[in-house]
Amino acid sequence: MKYLVMIQGSQADYDAMAGKPSAGSPAWNEQDTQTMFAFMERLNNELVESGEMVDGNGLAAPALTLSVLPGADGRPVVTEGPYGDPGKQMAGYWVLDCAGPERVTEIAARIGECPQPEGAPVYPVVIRPIMDDGGELTAADG
């Protein structure tokens, strides 16, 4: 079964990683950043070695987001900046091919252990099954 595993972040978090703190997002120093990248590299290498990694990437800051909607005249309307809740945006993702929900949950829990500076916000790691086999759109009991 394939899963999309997502981590979240805000523009303030990206700014903090660049050394610019704000309320609720303390500034990261070079060591904090290197520790985080080393953790992610080890995790990604293990997922490649286990054959579970299909794809994965970090995403650019929410401020660089483009949103496209159809305009009234049929021409696309492009807006810059984050869509939806500007506080939390997708910051990175993995597409994993795992034996089942238990395994992908183990991996998500490990992702949640990624080191970060004291006081940095903690976001959930979100797991969504990928419907690559024409599976159900909703939960069976749902």
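So here's what we get for this one:
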quantity	calculated
Selection count where residues are under 19 Å from the mean Cα position of the chain (by Cα) and surrounded by 15 or more Cβ atoms within 10 Å (Cβ to Cβ), scope region 11-53	19
Spans of strands (runs of 3 or more DSSP E) in region 48-142 with at least 3 residues modelled with pLDDT of 95 or more	53-58, 89-97, 126-129
Residue satisfying all of: in region 74-90; of a type in the set (Val, Ile, Thr) and surrounded by 11 or more Cβ atoms within 10 Å (Cβ to Cβ); nearest to GLY19 (Cα to Cα) among these	THR79
Subset of region 91-119 [within 21 Å of THR33 (Cα to Cα), out of contact with any Phe, Trp or Tyr (no Cβ under 8 Å at 6 or more places or on another chain), hydrophobic (A, V, I, L, M, F, W, C) and surrounded by fewer than 16 Cβ atoms within 10 Å (Cβ to Cβ)]	ALA109
Matching option when the condition is hydrophobic (A, V, I, L, M, F, W, C) and more than 18 Å from ALA91 (Cα to Cα), among ALA23, ALA61, ALA27, ALA18	ALA23
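The values are calculated or read from the model by the stated rules, or taken from the named source; none is laboratory data. Everything numeric in this text was worked out from a predicted model, so none of it was measured. Neighbour counts are summed over all protein chains in view; Cβ atoms, including those assigned to glycine, are modelled from backbone coordinates with ideal geometry.
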